[in-house]
Structures are given as C-alpha cells and as structure tokens.
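S.K.: Take a look at this one; I'll ask things after.
The values are calculated or read from the model by the stated rules, or taken from the named source; none is laboratory data. Please read all numbers here as calculations on a predicted model, not as lab measurements. With ideal geometry, Cβ positions are generated from the backbone for all residues, glycine too; neighbour counts draw on all protein chains shown. Just so you know, the surface numbers come from the protein's heavy atoms only, side chains and all, with ligands and any DNA or RNA stripped out. Shrake-Rupley method; radii C 1.70, N 1.55, O 1.52, S 1.80 Å.
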Amino acid sequence: MNMIKVYRKKPIKIQAVRYDGVNVSELLEFIENVTMIDWAEKCSLDISSPNGDISCWVGSYVIKEPNGRISVYEEDEFEAIYEEVK
C-alpha cells in the first residue's frame, strides 16, 4: 500500500545577480556566457546555457546553482523562493 508523503525542498545556497539594465559587466563576470545584448528591447540579454538560450530582462535575477546551472527568475518569483543569506 502506497502512502502519500509530504516533502520539503532541501535548502541550498545559490549565487544571484539582479540585472538592472546597466550591470552587464557584472553579469559577464558572474556567468561568463552572455551571447548577445539587445539594447533595442528594453536592455534585454540572451544568456547561453547548457539548457539553451535564456532571456533576461531588467529586474530579473540570474542565479547560479551549486552544480553550475544558470537560471533566470522574475523578481516576484525569485523573492518567493529565495531569501538573502547574511
């Protein structure tokens, strides 16, 4: 007989940079694989990752997980999942 169990996501520490439209050099240093900067579309960036290209808009958070995976979250989604470690 199977029983329904409840699970909680294990806490992990990630690194993150919030893209503000002008901190491109900080993002380049952080992830080292920005492939294009599209200044015509609200300063968006296209970020190359092992999972394909990721679009990043002003206000988005770019995160790097311990395994090196890069992801992008909108501000509200990021703040619902993560909190700053002090």
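S.K.: Along its three principal axes, how long is segment 1-42 when you only count alpha carbons? Whole Å, largest extent first please.
M.R.: So the three principal-axis extents are 57, 23, 17 Å.
S.K.: How many Å² of accessible area per residue for the chain, probe 1.4 Å?
M.R.: On a per-residue basis, the chain sits at 80 Å².
S.K.: Let me ask another. What dipole magnitude, in Debye to the nearest 20, does the chain give about its Cα centre under +1 on Lys/Arg Cβ and -1 on Asp/Glu Cβ?
M.R.: 720
S.K.: Okay, helix-only estimate at 222 nm for the chain: each DSSP H run of n ≥ 4 adds -39500 (n - 2.57), divide by all residues, round to 500 deg cm²/dmol; what do you get?
M.R.: Numbers: 2 runs with 15 residues, N = 86.
Calculated at 222 nm, the ellipticity per residue is -4500 deg cm²/dmol.
S.K.: For CYS43, what accessible area in Å² do you get when you roll a 1.4 Å probe over the heavy atoms of the protein chains, rounding to the nearest 10?
M.R.: The accessible area comes out at roughly 40 Å².
S.K.: Sort the following peptides by mean Cβ neighbour count (other Cβ atoms within 10 Å, averaged over residues), highest first: 75-83, 7-15. Walk me through the numbers on the way to the answer.
M.R.: On the way: 75-83: 12.3, 7-15: 7.8.
Final packing ranking: 75-83, 7-15.
S.K.: Oh, and also: From the residues GLN15, VAL34, ASN2, which one has its Cα farthest along the dipole of segment 1-85 in the positive direction, the dipole being from +1 and -1 charges on Cβ of Lys/Arg and Asp/Glu about the Cα centre?
M.R.: ASN2
S.K.: Hey, any idea what % of the chain's accessible area is carbon plus sulfur with a 1.4 Å probe?
M.R.: On the way: 3430 of 6840 Å².
It is 50 percent, rounded to a whole number.
S.K.: May I ask you to rank SER44, SER25, SER55 by accessible area, largest first, using a 1.4 Å probe over the protein chains only? Write out the running numbers ahead of the final one.
M.R.: Numbers: SER44 10, SER25 90, SER55 65 Å².
Most to least solvent-accessible, the answer reads SER25, SER55, SER44.
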